[in-house]
């Protein structure tokens with residue numbers, strides 16, 4: 001394939017059709033997102049426990065997070081030099097509505113939202129210019145969202161992100177499905193989602209780009225999905241091992257050191273399966289309950305004191321480089337990383 005087309009989401013244009021996936025806690029903040037935007041992609045900040053470095057995070061996690069949303073977006077804007085910026089806000093986040101409003105108030109270009117169906121996102125955003133992109137994993141979820149948004153709010157998604165079974169972090173699939181990813185024949189589902197979204201868009205005289213996420217690591221991976229009819233890809237794991245990524249060097253090194261067999265499906269303490277690097281912490285978590293301190297009010301599905309370990313503590317340890325005491329979320333291709341690289345070089349490969 002020769003030159004690729006830019007990714008157009010309404011009046012938002014990314015010269016390179018790559019959205020950098022949002023990675024919490026603290027893995028994709030202003031440095032990574034700002035640099036991706038500067039180099040022609042869409043940079044995305046994850047709002048998941050974004051305020052973990054704030055002095056009052058332990059006593060007022062929600063307040064710390066809401067403050068940090070504005071700070072990180074402003075810092076990313078300075079780096080981005082006019083490039084497009086988004087945030088990833090999980091539907092399962094406690095105080096979801098407040099996070100969305102904080103991002104809109106900070107002037108974010110795009111909100112990507114999954115970990116549940118963002119049914120009322122148009123209502124929260126109101127008349128703001130912010131573009132909305134729900135994350136779906138099936139034709140059914142795409143249909144439900146488009147139908148509901150149109151009926152209730154006379155609005156359609158500005159883009160749809162399809163997250164496949166090879167993605168990192170929490171996954172919208174059952175453990176049995178993840179045990180046999182090839183058996184899912186997921187490309188067929190992707191084609192069906194693209195067809196459904198295109199049909200809905202055409203019926204309303206508009207265009208809704210579909211962006212494929214999960215397992216995208218090289219330009220060849222992107223071309224595969226562009227040939228299927230996607231307008232772009234979302235990629236996260238590849239950006240972890242960049243100089244510009246906001247995580248500690250030890251976190252990046254854990255990807256470089258990982259072998260294929262080290263990447264496993266784990267049961268997250270908040271009730272969803274996820275993909276992570278097998279490390280001493282995960283082995284310990286299988287055997288015993290790991291004590292934790294005060295709740296940081298992260299995900300609404302967390303059982304608080306009854307949880308086997310605190311996911312916030314485990315992810316904060318990861319981003320701070322305490323990798324043996326951490327949950328190291330990653331995509332299926334993390335083992336392919338062999339060295340650190342610059343965001344600029346990755347986006348030149350995909351341009």
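Computed from the coordinates by the stated procedures, all read-outs in this text should not be read as laboratory data. Just so it is clear, the model here is predicted, and its values are computed rather than measured. Cβ placement follows ideal geometry from the backbone for every residue including glycine, while neighbour counts extend to all protein chains displayed.
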query = Which FRET efficiency value, to the nearest 0.05, do you get for residue 3 and residue 294 by plugging their Cβ-Cβ distance into 1/(1 + (r/R0)^6) with R0 = 51 Å?
reply = 0.45
task = For n ≥ 4 DSSP H runs only, could you compute -39500 (n - 2.57) per run for the chain, divide by its residues and tell me the 222 nm figure to the nearest 500?
result = -11000 deg cm²/dmol
task = State the three equivalent ellipsoid semi-axes of segment 249-336, derived from the C-alpha gyration tensor as the square roots of 5 times its eigenvalues, in descending order and whole Å.
result = 22, 13, 11
query = Once fully extended, how much extra length lies between residue 204 and residue 151, figured as 0.36 nm per residue of separation less the alpha-carbon to alpha-carbon distance?
reply = 17.8 nm
ask   = So if we plug the beta-carbon distance of residue 306 and residue 119 into 1/(1 + (r/R0)^6) with R0 = 30 Å, what FRET efficiency do we get, rounded to 0.05?
value = 0.60
key: Cα centroid separation - segment 179-221 against segment 51-86, whole Å   = 31
message = Once you place label points 7 Å from the Cα toward the Cβ at residue 256 and residue 228, how far apart are they in nm?
response = 3.2
request  = In nm, give the distance between the simple-model label positions of residue 267 and residue 60, each being 7 Å from the Cα along the Cα-to-Cβ direction.
outcome  = 3.8
request  = Between the alpha-carbon centers of segment 317-339 and segment 242-292, tell me the distance in whole angstrom.
outcome  = 6
inquiry  = For the pair residue 143/residue 74, report the inter-label distance in nm, with labels modelled 7 Å from Cα in the Cβ direction.
reply    = 4.6
ask   = residue 53 to residue 340: FRET efficiency via 1/(1 + (r/R0)^6), r the Cβ-Cβ distance, R0 25 Å, to the nearest 0.05?
value = 0.65
